[in-house]
Structures are given as C-alpha cells and as structure tokens.
Amino acid sequence: MSTTDVHAHRTTTPPADRATGGGAQVTAVRPPRISARGRAWRQRLVATLFLGPAVIYMVLFFGYPVIQNLIMGFQHYTITTFFTDEAPWAGWANYTEVLGSPLFRTALANTVIFTVGSILGQFVLGLGLALFFRRRFPLSGALRSLILLPWLIPLIVASAVWKWLLDTDSGALNRVLMGSGLIDSGIPWLSSTDLALFTVIVVNIWIGIPFNAVILHGGLQTIPQELYEAGSIDGTSRWQAFRHITWPMLRPVVSVVLVLGVVYTLKVLDIILGLTGGGPANATQTLATQAYQLSFATFDFGQGAAVSNILILISLLFAVIYLRLNRRPVDE
Amino acid sequence: MNTVRHPKLNTAMGLVIIIVLLFPIYWMVNASLQPGGATVDTAWLPLNPDLSGYRTALDEQGGNLMTSLMVALGSVVLSLVIAVPAAYALVQFRLRWADYLLFAVLISQMIPGIVIANALYNVYAEIGLLNSIPGLILADSTSGIPFAILICRALMGSLPPALVEAAHVDGAGPVRAFLSVVVPVSRNAIITSGLFTFLFTWSDFLFALTLTTTEEVRPVTLGIYNYLGAYVNDWSSVMATAVLASLPALVLLVVAQKYVAAGATGGAVK
C-alpha cells in the first residue's frame, strides 16, 4: 500500500487517460435522445459542478495570496495602511532595504545552515532506521509504527517538550550530563548564541526522522529480493550490496525525499518560534521567521512580503526540481 | 539481507532505538503527571501520579481545546466536500485544463504558509474574519484540500472504469453515480484524507498565531505557545496541555494504523 502510493503520485497522466477512456464509453451507452452537443454540454456542466468549488478555493486561498504578496512587496504597506487604507507605491524600496540589512544576511545564512543541517541529519538517520527496520524480527512492525509518533504530534507541542528537556537549569539533558559528571554547570542549549542554531537543528532533525524513515522504508520494499539473492551467490558484502543494489534502486525515492525535505524545511516556523523565537540576538532567525516578524511584530507588511517573496522564489526553484523528478519514470 | 541471524539482538536494538527516539514523548507524559510547582527535580518516573497539571490545563486551555476541535472538524468537512468531487472529476472527465489544475495543486503545497497568512490577514481584517472559527477553517484547509485532492485522485485513478459505467447503464446520472458508487469504493482514501486534514488543522500554529489576536477564539497550539512566551514555572500543566494536544496523534496511531501508513507515504506529496 505504502509504496504504491508513492508511485501513484509519480505518474501524473496515465490514470487520467485511462479514466477518460472510460468516460468516452459512458457517453456511448447513454440513451440516444440526447444530442451529442447536449451530452458534451451536460458533461461540462457536471465537471464544473465537481471542480468549481476546488478551483474557486485554490484561486482565493493560493492564487490571491501569492499575487497580493507580490504586489505588497512593492508597497509601503504598514500599520498606517489600516487607518488610511492607502498603501503608497514603493518601487524596489522594500527589497533594497531588506537585502541591504545585516539581519537579512544573517537570516539567509541561518536558513542555509538550518536547511542543509536538518536535511543531512534527517536523511542519514532516517535511512539508517529504514535499513534497520527492513530486517524481520519479533516486534519489528510494532516498533516501526512507533517511529511515526514524533511526526504526528503538533510541532508546537514538540518544541514545548524540547524546550523543557533543554532548559539550562532544570532540563533533563543537563541533569543527566551533570549527574554523570561530564559538565559542572548547565549548558545553555537555547540561550547561547553559539549553540542555539545547532540545538534547533537537532530538534528539527528529530522531527524529520519519521518522515524520511517511512518513505525510504517504502522505497526499500520495492527493491526485488532476487537482486540480493543473486548478489549473495556472487559473494557480495553488505556494503557492496548497499552500494551497487540498494542505493541505485532507491535513488528516485531519495531525490523526492530530499527535495520535499528542503521545501518543507525552508518554511519551518513553529519549531524556531517555539524554541527560541528567533533569538538569542537573531542567532536562529531564518527567512521564514524574519518574514513573520516583519509583518506581524513590526507590522511592516511590505517588507514582510518582500522577504516571503524571496522565500517563495527559493521554494519554487526546488518545486521545479521536484516536479521534474516526479515526471520521470522510476526506472530511469 | 533479510536473513536475520540474531532475532533477539535485533529486537533489543530496535527497542533501544525507539526508547531513545521517543524519550521526549515519555518525558512529556511523565512531567505532566508530576505535582506542579517544584519542577527543578522532576522525578524520572511518575511513581506518585498527580493530576493537578491536567486540572490546570483543562481550566486554562479547555476552551482552546474545544476551539481546536471545532476548527479541525469544520476543516475536515470543508476539505472533503471540496476535494473529493474535484479528485473524481480530475480522473473522470476529459478536460484540457485538468493538468494545469493538478500542477497548481502540486505547486500550492510548496507555498510557505507565511505568504498566505500575510495576504489573508489584511483581507480578514477588512471583512471581519479575524478571530473567527470560519476564518480559521477556511485558512487551515489550505493544507487539507490539496492533500485530499492528491490522495483521492491517486486512488480513484485506479478504480475500474466499468464500475461507473455500470451505474450509468442502470440509469444513474453523474452525481448519483459519484455518490452511490465512487464515494463508497473510495472509502479508504477519503478516510485517510479526513484523518490527515484533522491532524494538519489540529496542529496548525501559523494561522492560529497570525489570524487570531484575542482570546475569544484561540486554538490550543497558540495556548501552548503563549505558555512558552512567559517564563515557565509550572511545567507540569504545560506538559499536560501538550499531552492533551497530542491525543489526536496518539489515537490516530493506535486506531487508524493502516490509514496512517498510507497517508504518511501519500504525504510524500505534501
């Protein structure tokens, strides 16, 4: 079930073709009293009825915000706009101001470090777990499904729990470290400018492991067992089997997991706001949190829009990569 | 590679991995059962469970939990009503622009929520949807609707066309055929979509944070965030709230196992 789903999404057109073939046959068996034109009209009416609400929703809740955001990026859209109802044209002022600020450079650098660090950690640990749980042993199924739990709980809950675990004075982690004599005083995991970004990345890795493990596990299930059997006759080692069978066969799933991971990580907001609020001293500020703070803390929606437009641009770049990978057949 | 030489050793390793991975969740439950106040030396085991944390949590966050529940249920209904027929139409009808719509659905999942919140805040302020349950339902469905369209379309694409044809031969119109044949057969995809829409909406933080500004309508995720904002001196009630906010996830994992696995993988499109 799990693997077929991945592949079902991969093929974008074939199911539609098959189904429209069915649609053509449907019209063939309809009573002849309705003219061909009437039938076509009726079918269009039904299609509109079924698709209309979705199209309207997509336009209002995705199309409009994106366009509005693009426009706002060129406007002085601030708190006064709410009173005067005027948002004067700003040209590129929002962009030059945002791009010229040192905070933007910090946020951009943090976004890159946060994304790359999170993805690397999630992927490597997720793949390790996926490979481990491919073995069959007592309780493997039950334990595997428990992996999902960190992914299913609300992100803000996860950040609340971790904030408590990592508390400098009373957090469980520091208590263990102090109890074992490794450190003398509590480590300020979230309140030190040197450590906070690293700590936030570790927490985000914890959250992302289940997703990576489950999707990669699904990918592993599609690799035919015979390949390994043939390999073992030839006397391949475990590492050789991984290098020459598992990895090449898994690559299409790997690329989808990585690209989606990047797109997803770029917009992470809950964890950072919950753990550090972007601090201390902007040490964990990313483009997403900066966009949030410009719009909703300083109420400069124009500059907030400028930052989030830059974020859209980066996301779309990866979205295009994703769609290209998605269209390609699995075995290529 | 599947030949296991030491089954017991593997089970032991698996247990260790899960214990390490789930320790934060254990700690949440453990801390929620400790007497409030003195949290500097939280016991490692809840040997003397104390429910005062939960009492405080329900007192302070009970209304917020109800708000979350109403928003999540509303979003499930809205998402399914909009997405299921659309998914069906995408596979059933010969439409030139169906591919464009599908493309838009895929791309929409990559748009950062902050972009949507940024634009919606101003419209919502104008038309009075800030601090309202319908406003949150509409905004939160931005995660449920594309997800449900993709999950349902994937399954409906594999339905045999003969099923719908048979209904047509029996004289059912397209709407009847959809309701009496397609919907029952697609039950699993619809349940999966519904469960995940519930979870997405229940977990939503961004729209709760940006589209609610007063206490009248406040989801529990924002309630937890507000706890974190101030200096926390009563972790047991914060953790009790966290446990209560995690209940849907726990229920989902226990009761709806097979749907979760399917949805998690279907979530590869998310």
Cα pair distances in chain B, grouped into 5 Å bins until the bin that holds the longest one, percent each: 1, 5, 10, 12, 14, 13, 12, 11, 8, 6, 4, 2, 1, 0, 0
Relative contact order (%) - criterion: Cα under 8 Å, at least six apart; region: region B:121-270: 33
Shielding by partners - mean other protein chain Cβ count within 10 Å, residues of A:305-311: 3
Per residue accessible area in Å² of region A:171-270, where ligands, DNA and RNA are left out and the probe is 1.4 Å: 45
1.4 Å probe accessible area per residue over region B:118-219, in Å²: 34
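For a quick check of your reading of the filter: which chymotrypsin sites (Phe, Trp or Tyr not before Pro) in region A:81-115 sit in a DSSP loop and have no more than 15 other Cβ atoms within 10 Å?
A:Trp92
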Chain A - mean residue ellipticity at 222 nm from DSSP helices (-39,500 (n - 2.57) per run, n ≥ 4, rounded to 500): -22500 deg cm²/dmol
Buried area at the A-B interface (accessible, heavy atoms, 1.4 Å probe, summed, Å²): 10200
Sequence ranges A:283-292, A:167-176, A:221-230, ranked by mean other-Cβ count within 10 angstrom, highest first: A:283-292, A:167-176, A:221-230
Residues listed by number, region A:201-221, amide nitrogen under 14 Å from B:Gln257 label point at 7 Å toward C-beta: none
With all protein chains modelled, accessible area of B:Val20 [1.4 Å, Å²]: 100
Accessible surface of the protein assembly as shown, 1.4 Å probe, proportion on carbon and sulfur as whole %: 66
Order of exposure, largest accessible area first, which applies to A:His244, A:His217 with probe 1.4 Å: A:His244, A:His217
Members of region A:117-145 that become less accessible by 10 Å² or more once partner protein chains are added (1.4 angstrom probe, chain alone as reference): A:Leu129, A:Phe132, A:Phe133, A:Arg134, A:Arg135, A:Arg136, A:Phe137, A:Pro138, A:Leu139, A:Leu143, A:Ser145
Accessible area in square angstrom per residue, region A:60-100, 1.4 angstrom probe: 59
Reachable aspartates and glutamates from A:Lys163, criterion Cα separation under 20 angstrom, eight or more residues apart if same chain: A:Asp194, A:Asp270, B:Asp41, B:Asp204, B:Asp234
Euclidean distance between Cα centres, region B:17-33 to region A:56-107, Å: 42
Förster radius 25 Å - calculated FRET efficiency between A:Arg37 and B:Asp170, Cβ distance, rounded to 0.05: 0.50
Region B:69-122: chymotrypsin sites (Phe, Trp or Tyr not before Pro) in DSSP loop, at most 12 other beta carbons within 10 Å: B:Trp97
Shape category assigned to the protein assembly as shown from the gyration tensor of Cα positions, a/c cut at 1.5: oblate
Inverse of mean 1/r across different Cα pairs in region A:219-269, Kirkwood, Å: 12.5
Heavy-atom accessible area ranking, 1.4 Å probe, most first, across A:Asp194, B:Asp99: A:Asp194, B:Asp99
B:Thr42 accessible area, 1.4 Å probe, all protein chains in place, Å² to nearest 10: 10
Given 12 as the ceiling on other Cβ atoms within 10 Å, longest exposed-site-free region of chain B for GluC sites (Glu not before Pro) in DSSP loops: B:1-214
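The values are calculated or read from the model by the stated rules, or taken from the named source; none is laboratory data. Predicted model, so just to flag it, every value in this text is computed and none were measured. Here the Cβ is made from the backbone with ideal geometry for all residues, glycine too, and neighbour counts use every protein chain on show. Remember, those area values only see protein heavy atoms, side chains included, never the ligands or the DNA or RNA. Shrake-Rupley method; radii C 1.70, N 1.55, O 1.52, S 1.80 Å.
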